[in-house]
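Okay, so here's the structure we're looking at.
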Amino acid sequence: MPARAVNDFTIRVATVNGSGSQSSNLVLTNAVARLGIPVAPKNVFPSNIEGLPTWFDVRVSALGYQCRARDFDVLVALNAATWQQDVAGVKSGGAVIHEDVFPCKGDTFREDLTYYPVPFTKLAKEQFADKGDLRKYLMNMIYVGVVAQLLDIPLATVEESLRAQFRNKASAVELNMSAVNLGLEYAREHLEKHDPFRLVPMNGKTDGLMFMEGNRAAALGCVMGGCTVAAWYPITPSSSLCEYFIQYCDRYRVDGETGERNVAIVQAEDELAAAGIVFGAGWAGARAMTSTSGPGISLMAEYAGYGYFAEVPGVIFDVQRAGPSTGLPTRTMQADVSFAYTLSHGDTKHIVLLPATVAEAYEFAMESFDLAERFQTPVFVLSDLDLGMNAWLTPPLRYPEKPFNRGKVLGADDLSSMKSWGRYRDVDKDGIAYRTLPGTKHPQAGFFTRGTGHDEEARYSEMPEVWQRNLDRLVRKHDTARAAVPAPVVEEKKGCKIAILAYGTTHHAVVEARDYLREAGIEFNYMRLRALPLSPEVATFVKRHDRVYVVEQNRDGQLYGILRTELPTHLIGRLESIRHYNGVPIDARSVIDPLLEEERRPAVVAE
């Protein structure tokens with residue numbers, strides 16, 4: 001795709017983990033947004049604490065694209081270990097801002113690039129000789145000043161961004177601003193601009209938007225959704241979700257008169273124990289959740305099956321990373337979809353929510369507790385590292401307007417008006433039975449919660465017809481959920497014969513691909529799936545098209561496989577799979593290239 005030099009390019013900052021570059025990167029990102037220009041930051045970092053390479057992309061996009069760009073135009077090179085590969089990755093016509101001692105010869109010198117050598121280390125040593133360990137952090141702020149000068153970012157805008165980054169820390173703002181000024185003055189005096197890239201303020205593009213990570217939004221959604229119990233075991237990239245939840249609870253889950261916290265948060269000994277706490281709390285009537293990632297989901301399989309069969313509510317947030325096994329803890333994928341959907345041994349199907357945006361991470365977090373209680377079952381919210389840990393421009397989150405839906409809960413008055421009730425009896429023919437909560441003061445309130453075979457009255461049973469009847473009822477409940485989970489979002493116009501079906505953060509690459517393909521003369525309709533089980537709309541959508549490309553971020557085409565299993569047989573042949581699974585967030589080209597290849601393939605005509 002063609003590069004545009006004004007307000008449409010990507011800056012890549014190459015540093016090492018633990019060097020303190022994150023603050024500098026966020027200051028630069030925030031400064032661009034303050035100019036009214038949409039920006040999408042993407043952090044690709046290693047799983048160790050310090051010393052390995054890390055890259056931070058600042059994608060500037062006047063059109064507001066939020067997905068990762070495959071290529072980059074401006075390189076800020078501060079890591080000698082990756083100097084050669086970083087230079088090789090710059091697009092032709094790009095610019096390289098680099099530590100001046102890095103050699104520019106052989107593979108690291110390209111005639112199609114503009115080089116800006118800067119003595120970052122020397123400047124930091126000379127100007128901040130007395131700052132000790134702070135020197136490496138300040139060296140990063142020097143690059144912010146250099147970039148600001150070369151790209152025309154006003155100094156006042158950088159200072160505003162710094163103040164936002166270091167709230168209530170006036171001394172930190174002053175010290176870091178001195179480093180920014182140092183870089184800006186050096187660039188002004190020693191660097192003559194020869195590249196075309198620059199930033200021009202825009203109006204109306206970022207008004208009213210704010211930066212937020214998906215994990216923070218989900219944590220706030222848990223608070224707003226009435227969650228009062230959280231049990232967790234730390235694991236990348238989900239840990240910050242519970243950490244943010246703790247922070248919010250310290251502010252909003254405190255009794256104003258007594259000062260007591262009205263929330264229970266437990267860091268369990270492992271993920272299995274965390275899941276047990278969640279379902280124990282859900283059985284007792286609390287709204288409870290845990291957050292984890294793929295390896296933790298593996299350990300929770302036993303309790304997931306128990307929650308499904310005993311019909312106990314609980315919410316599990318899975319911030320997906322690259323697997324299998326330990327895999328790549330700090331890389332992103334959509335690799336747990338089929339696993340979470342059927343987690344447990346035996347015949348099991350769960351409700352799975354698939355947020356694509358920060359707003360949906362917040363809204364689906366709230367909705368997950370309603371669904372868990374309404375359907376008396378585990379609910380999985382599948383985010384990923386890209387959504388969970390990266391900052392996204394988002395509109396303000398809306399305050400909830402509807403009351404909680406606790407589902408079919410019988411109180412003492414309800415029981416008094418009934419001749420009898422059965423904990424697992426399907427009265428309304430929707431598969432959802434009625435339940436009571438522990439402590440309900442009525443002689444008929446009690447029941448046995450069973451993960452073993454049971455009849456409608458919760459009595460132990462091994463009778464074949466009883467077992468099959470219960471499994472059939474759970475299928476009816478799952479079918480009822482099809483109309484209750486978030487519906488797909490469809491963008492469609494008549495006459496278009498090809499379509500894309502995607503979910504989660506893949507959505508942002510599809511949005512950009514759609515605009516590019518339209519310019520190339522290829523139109524497609526689009527359905528964004530937002531939950532499992534599949535809505536009835538999915539089959540209808542597929543039926544209206546000759547080909548439906550299922551785009552996802554995993555090797556095996558997991559949603560593609562679910563669709564092939566659950567759609568009518570005559571529709572399966574219309575599906576094509578497009579997969580991206582290298583661990584970095586999907587880019588538009590990963591959608592465009594295979595789709596173009598398929599659409600331009602000559603048709604095979606039978607003789």
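The values are calculated or read from the model by the stated rules, or taken from the named source; none is laboratory data. This is a predicted model, so every value here is computed, not measured. A quick note on method: Cβ atoms are made from the backbone with ideal geometry, for glycine too, and the neighbour counts reach across all protein chains shown.
For the range 349-371, name all the residues that are β-branched (Val, Ile, Thr), surrounded by 23 or more Cβ atoms within 10 Å (Cβ to Cβ) and farther than 15 Å from Leu559 by Cα.
Val358
Give me a count of the residues in the range 471-526 that are outside any loop (DSSP other than H, G, I, E, B) and either hydroxyl-bearing (Ser, Thr, Tyr) or farther than 30 Å from Val379 by Cα (or both).
13
Conditions tested, residue by residue: (1) without any contact (Cβ under 8 Å) to a residue 12 or more places away in the chain; (2) among the aliphatic types (A, V, I, L, M).
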| residue | (1), (2) |
| --- | --- |
| Glu189 | yes, no |
| Leu209 | no, yes |
| Gly221 | no, no |
| Thr236 | no, no |
| Val263 | no, yes |
| Ala268 | no, yes |
| Ala273 | no, yes |
| Ile277 | no, yes |
| Ala284 | no, yes |
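For residues that are modelled with pLDDT of 95 or more and part of a helix (DSSP H, G or I), tally how many sit in the range 252-306. Break it down stepwise before answering.
We begin by selecting, within the range 252-306, every residue modelled with pLDDT of 95 or more; these are 263-306.
The next check asks that each one be part of a helix (DSSP H, G or I); those that pass are 271-284, 294-299, 301-306.
Residues meeting the conditions: 26.
Which of the following residues is in contact (Cβ under 8 Å) with a residue 60 or more places away in the chain, among the polar types (S, T, N, Q) and out of contact with any strand residue (DSSP E or B) (no Cβ under 8 Å at 6 or more places or on another chain): Ser240, Ser161, Ser171?
None of the other options fit; the residue is Ser161.
Out of Gly183, Gly132, Gly106, I need the residue that is assigned by TED's automatic domain parsing to the domain that holds Ala88, more than 23 Å from Arg4 (Cβ to Cβ) and surrounded by 14 or more Cβ atoms within 10 Å (Cβ to Cβ). Which one?
Gly183
Looking at this structure, is Asn262 polar (S, T, N, Q), outside the structural domain of Lys91 (by TED's automatic domain parsing), farther than 30 Å from Asp152 by Cβ and over 23 Å from the mean Cα position of the chain (by Cα)?
Against the criterion (polar (S, T, N, Q), outside the structural domain of Lys91 (by TED's automatic domain parsing), farther than 30 Å from Asp152 by Cβ and over 23 Å from the mean Cα position of the chain (by Cα)), Asn262 qualifies.
Confirm whether Thr357 is at pLDDT 95 or above, more than 24 Å from Phe279 (Cα to Cα) and touching an Asp or Glu at 6+ places or on another chain (Cβ under 6 Å). Give the steps one after another, and end with the answer.
Details: at pLDDT 95 or above: yes; more than 24 Å from Phe279 (Cα to Cα): yes; touching an Asp or Glu at 6+ places or on another chain (Cβ under 6 Å): no.
Considered against the rule, which asks whether it is at pLDDT 95 or above, more than 24 Å from Phe279 (Cα to Cα) and touching an Asp or Glu at 6+ places or on another chain (Cβ under 6 Å), Thr357 comes out as no.
Mind telling me which of the residues Gly583, Gly561, Gly573 ends up being in contact with a Gly (Cβ under 9 Å, 6 or more places away or on another chain), surrounded by fewer than 21 Cβ atoms within 10 Å (Cβ to Cβ) and at pLDDT 95 or above? Working first, answer last.
Values: Gly561 fails: in contact with a Gly (Cβ under 9 Å, 6 or more places away or on another chain); Gly573 fails: in contact with a Gly (Cβ under 9 Å, 6 or more places away or on another chain).
Going through Gly583, Gly561, Gly573 in turn, just one is in contact with a Gly (Cβ under 9 Å, 6 or more places away or on another chain), surrounded by fewer than 21 Cβ atoms within 10 Å (Cβ to Cβ) and at pLDDT 95 or above: Gly583.
Name the single residue, out of those in the range 448-470 being in a loop (DSSP other than H, G, I, E, B), surrounded by 17 or more Cβ atoms within 10 Å (Cβ to Cβ) and of a type outside the set (Asp, Glu), that is nearest to the chain's Cα centre (by Cα). I'd like the intermediate steps shown before the answer.
Within the range 448-470, the first condition is being in a loop (DSSP other than H, G, I, E, B), and the residues that meet it are 448-453, 455-459, 461-463.
Now narrow it down to the ones that are surrounded by 17 or more Cβ atoms within 10 Å (Cβ to Cβ): 450, 455-456, 458, 461.
Subset that is of a type outside the set (Asp, Glu): 450, 458, 461.
Working: Arg450: 35, Ala458: 39, Ser461: 43 Å.
Looking at the filtered set, the residue picked out is Arg450.
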